[in-house]
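Working notes for the structure below.
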Amino acid sequence: MGLVNRVGDGVLMKQNATLPGDAQAALVASLLVGGGAGISQPMRPLIGVPLVVAGFAMAWLAAVRARKPSTPRSFSWVYFWLSANTAIALSAAPLYPAPRWYNLAYGVHPAIGILLIGVAAGGGVKARAVATWMAVASASLLLIVTPIAIPQPSIDVWTLTQASVKAMLHGIHPYAIAAPDTYQGAYDFGYRTVVFPYMPLDLIVNAPSVMLFGDYRFGLAVAFPVTVALLRAAGRRMQVGNQTLDVATLALALQPYSAFLVAAGYIEPIMVAALALFVLVSAREMGGMASAITFFLLPALKQYVAAPVLIFLAMKPRPRAVVIGMAVAAATVAPFLVWRWHATLAGMMAIVNNMRSPGAFRTDSLSLTAVAALVSGVRVGPWLGAVAQLASGAIAFALLRRNGLAGFLVASALAVIASFLVGTQAFANYYAFGAALLLFGALSMARQDAWLQP
Amino acid sequence: MIRGIARSMAAAAFAGIVLFAASAIDFFAFCEQHRAWTRRQSGESLVIRSESMAVARPGDAIFLCTSQHCFDGTANCHVDLGCYCAPAELSADQVAGFLTDGKCSVDQAFPAPGDATGSCQHASCDGHIPPLARP
């Protein structure tokens with residue numbers, strides 16, 4: 001673990017590997033948010049919410065640390081929370097009925113992860129690299145077999161997306177079809193979602209997997225190794241130290257919720273891959289053409305990416321790049337609008353409209369507002385989440401506006417996580433994106449920290 | 001490296017203990033169905049459930065059931081009282097068969113969102129029989 005490092009006066013001394021204090025706080029924040037997201041009912045109010053709140057507080061600490069000259073910190077807490085997250089994963093079982101071999105694999109992956117974290121923490125450079133790639137291989141394998149083990153999850157996200165992508169491939173407008181109620185009337189959320197309620201780009205990116213394999217979730221599984229490749233390329237471009245890069249890779253590979261996201265068919269794995277691409281190109285030029293184009297893919301994938309758009313614009317990207325980025329995002333929507341504008345708009349606005357329904361409050365959410373509702377019976381309206389995203393984003397931007405890409409990523413994380421914590425509904429998939437913003441924020445804060453590590 | 005692995009296992013074990021403790025707190029202090037049973041025993045309230053995300057499907061009846069609920073792998077058990085949505089053609093005994101030491105009776109033969117009488121109101125229930133995955 002020791003390294004030989006040249007200090008200012010030319011004397012060689014031995015010291016432990018460290019990373020910048022702001023990057024350490026952001027990395028721990030990402031792991032706390034990820035750990036909280038991995039907790040399922042009925043433990044969300046007792047463990048899940050406190051972990052996410054602690055992660056949110058750590059993210060603010062990262063923002064405060066980023067304003068001061070960097071103080072090197074050890075990796076101890078990062079490894080601790082990595083191990084804790086794998087214990088959370090180990091305590092969970094698949095939420096949908098699955099064959100025995102898959103249930104076994106679901107437990108073996110985090111169990112091996114605990115050993116691999118130990119090897120990475122205590123071994124040399126080579127051992128750490130081997131442990132990291134073994135964790136990536138194990139996660140990739142688990143994710144790719146998930147749609148095979150759980151061919152028909154009982155969740156509306158999967159039914160709606162699968163039906164709409166298939167309709168689109170058959171030349172039927174994907175927002176004009178009504179998917180059957182997968183719950184057959186067994187659940188009342190205070191609203192009914194019968195049409196595809198997400199963005200058109202989701203349909204476009206999921207189409208190849210449906211064409212090739214019959215199920216779009218294979219694309220979500222493949223998004224993981226793609227994200228790892230992009231993260232490592234971004235890290236190398238930013239001259240991030242090997243240990244920071246390996247630890248960030250382990251954090252991605254050992255997320256306690258990743259198999260659940262693929263099983264349920266949430267789009268966030270694709271969003272995280274898009275985010276990784278944005279970080280890779282922005283590492284060269286934040287706010288340039290490639291940066292703007294890749295950034296605007298995020299709001300084109302999911303409606304909750306609102307404040308990050310304002311933060312991105314406030315960071316003064318090149319105006320021409322913004323126009324082209326917005327045009328590319330608009331191009332993913334335009335064909336559907338031309339095809340049938342009313343149905344497309346109704347679908348894209350379905351979630352916003354559903355949230356206006358008085359009964360549309362999920363007490364099983366991973367949020368402070370859900371805990372408040374359980375304790376006091378008071379249910380907040382959807383406005384609080386929107387206000388929190390804007391307010392938290394504005395304060396975080398004021399703190400981090402001079403920190404470039406890292407500042408943008410951490411401010412965006414603070415904005416979206418604030419809105420999830422006080423919104424009417426928030427689940428593991430939402431926080432997966434928040435945790436990823438923090439992870440990439442940590443990577444960007446660790447830019448050129450290679451001198452701190454072997 | 002051995003020290004690293006030992007530390008990682010210790011951290012995971014610590015997290016496991018915290019999760020186990022939280023699970024115990026949830027079981028002993030916050031189990032909603034046991035609290036419903038306690039309320040019923042003390043004569044505090046006859047209403048077991050008046051709102052829920054889980055609701056009766058077309059053709060379901062709602063059964064009021066007591067069952068034994070044990071803390072993960074231990075002999076620490078308590079009695080739960082809950083509302084279960086199940087196909088109306090099932091008998092109370094058949095529904096009870098899905099629960100541990102279950103005893104059931106029909107609470108709503110034809111549940112409707114407007115129900116304001118009985119123990120299981122507004123067509124809401126704690127879960128379905130046969131059990132469904134939660135959304």
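Report whether or not A:V416 is touching a residue at least 60 places away in the same chain (Cβ under 8 Å), in a helix (DSSP H, G or I), under 27 Å from A:I47 (Cβ atoms) and over 22 Å from the mean Cα position of the chain (by Cα). Steps first, please.
Details: touching a residue at least 60 places away in the same chain (Cβ under 8 Å): yes; in a helix (DSSP H, G or I): yes; under 27 Å from A:I47 (Cβ atoms): yes; over 22 Å from the mean Cα position of the chain (by Cα): no.
Answer is no for this residue.
A single entry from A:T132, A:T193, A:T182, A:T161 fulfils the requirement of being closer than 23 Å to A:N85 by Cα and of a type outside the set (F, W, Y): A:T132. Cβ-Cβ contacts under 7 Å between residues 6 or more apart (or on different chains), taken from a first residue in segment B:122-135 that is within 7 Å of another protein chain (Cβ to nearest Cβ) to a second residue that is in a loop (DSSP other than H, G, I, E, B) and β-branched (V, I, T), are listed as B:P135/A:I155.
A single member of A:T294, A:T227, A:T244 is farther than 30 Å from A:F196 by Cβ and β-branched (V, I, T), and it is A:T244. Looking at segment A:138-151, can you tell me whether even one residue there is assigned to a loop (DSSP other than H, G, I, E, B) and either within 11 Å of chain B (Cβ to nearest Cβ) or in contact (Cβ under 8 Å) with a residue 40 or more places away in the chain (or both)? For segment A:138-151, residues assigned to a loop (DSSP other than H, G, I, E, B) and either within 11 Å of chain B (Cβ to nearest Cβ) or in contact (Cβ under 8 Å) with a residue 40 or more places away in the chain (or both): present. Within segment B:1-55, the set of residues being touching a helix residue (DSSP H, G or I) at 6+ places or on another chain (Cβ under 9 Å), of a type in the set (D, E) and at the interface with another protein chain (Cβ under 9 Å from one of its Cβ atoms) comprises just one member, B:D26. If we scan segment B:99-109, do we find a residue that is more than 18 Å from B:R39 (Cβ to Cβ), buried (at least 19 other Cβ atoms within 10 Å of the Cβ) and within 13 Å of chain A (Cβ to nearest Cβ)? Looking through segment B:99-109, none of the residues is more than 18 Å from B:R39 (Cβ to Cβ), buried (at least 19 other Cβ atoms within 10 Å of the Cβ) and within 13 Å of chain A (Cβ to nearest Cβ). The set of residues in segment A:85-113 being surrounded by fewer than 24 Cβ atoms within 10 Å (Cβ to Cβ) and facing chain B (nearest Cβ under 8 Å) consists of A:L90, A:S91, A:L95, A:Y96, A:P97. For segment A:186-200, the set of residues classified as touching a strand residue (DSSP E or B) at 6+ places or on another chain (Cβ under 7 Å) and free of Cβ contacts under 8 Å to residues at least 60 places away in the same chain consists of A:A186, A:Y187, listed by residue number.
Here is a check on your reading of the model: is A:P50 modelled with pLDDT of 95 or more and more than 7 Å from every other protein chain (Cβ to nearest Cβ)? When the stated conditions are applied, A:P50 passes them. Within segment A:125-132, identify whether any single residue is more than 21 Å from the chain's Cα centre (by Cα), away from every other protein chain (no Cβ under 13 Å), in a helix (DSSP H, G or I) and of a type in the set (A, V, I, L, M, F, W, C), and answer yes or no. Yes, some residue in segment A:125-132 is more than 21 Å from the chain's Cα centre (by Cα), away from every other protein chain (no Cβ under 13 Å), in a helix (DSSP H, G or I) and of a type in the set (A, V, I, L, M, F, W, C). The number of residues in segment A:214-248 that are closer than 19 Å to A:I155 by Cβ and surrounded by fewer than 20 Cβ atoms within 10 Å (Cβ to Cβ) comes to 1. Could you check, for segment A:396-406, whether at least one of its residues is part of a helix (DSSP H, G or I) and in contact with a Pro (Cβ under 9 Å, 6 or more places away or on another chain)? No, there is no match, as no residue in segment A:396-406 is part of a helix (DSSP H, G or I) and in contact with a Pro (Cβ under 9 Å, 6 or more places away or on another chain). Applying a threshold of 6 Å to beta carbon distances and a minimum spacing of six or more residues, or different chains, the list of pairs starting in segment A:154-174 at a residue that is more than 13 Å from every other protein chain (Cβ to nearest Cβ) and ending at one that is outside any helix (DSSP H, G or I) and surrounded by fewer than 20 Cβ atoms within 10 Å (Cβ to Cβ) reads A:A163/A:A179; A:A167/A:I177.
Which residue is nearest to the chain's Cα centre (by Cα), if the candidates are limited to segment A:179-208 and must be surrounded by fewer than 21 Cβ atoms within 10 Å (Cβ to Cβ) and assigned to a helix (DSSP H, G or I)? Out of the qualifying residues, it is A:I204. Reported count of residues in segment A:215-242, each being assigned to a helix (DSSP H, G or I) and in contact with a Ser or Thr (Cβ under 9 Å, 6 or more places away or on another chain), is 13. If I filter segment A:67-77 for residues that are part of a helix (DSSP H, G or I), on the phi < 0 side of the Ramachandran plot and crowded, with 20+ Cβ neighbours inside 10 Å, do I get at least one hit? There is no residue in segment A:67-77 that is part of a helix (DSSP H, G or I), on the phi < 0 side of the Ramachandran plot and crowded, with 20+ Cβ neighbours inside 10 Å. Scanning segment A:32-46 for residues being crowded, with 23+ Cβ neighbours inside 10 Å and at the interface with chain B (Cβ under 9 Å from one of its Cβ atoms) gives a total of 3. Test A:Y175 against the criterion of being among the aromatic types (F, W, Y) and either within 22 Å of A:R340 (Cα to Cα) or part of a helix (DSSP H, G or I) (or both), and give yes or no. Considered against the rule, which asks whether it is among the aromatic types (F, W, Y) and either within 22 Å of A:R340 (Cα to Cα) or part of a helix (DSSP H, G or I) (or both), A:Y175 comes out as yes.
Tallying residues that are of a type in the set (G, A, S), over 23 Å from B:S42 (Cβ atoms) and within 14 Å of chain A (Cβ to nearest Cβ) within segment B:62-87 yields 2. No other residue among A:L368, A:L400 is surrounded by 19 or more Cβ atoms within 10 Å (Cβ to Cβ) and touching a Leu at 6+ places or on another chain (Cβ under 6 Å) apart from A:L368.
Which of the residues belonging to segment A:419-452 are among the aromatic types (F, W, Y) and either assigned to a loop (DSSP other than H, G, I, E, B) or over 24 Å from A:A259 (Cβ atoms) (or both)? Once the filter is applied, which keeps residues that are among the aromatic types (F, W, Y) and either assigned to a loop (DSSP other than H, G, I, E, B) or over 24 Å from A:A259 (Cβ atoms) (or both), segment A:419-452 yields A:F427, A:W451.
The values are calculated or read from the model by the stated rules, or taken from the named source; none is laboratory data. What you are looking at is a predicted structure, and each value in this text was computed from that prediction instead of being measured. Neighbour counts run over all protein chains shown; Cβ positions are idealised from the backbone, glycine included.
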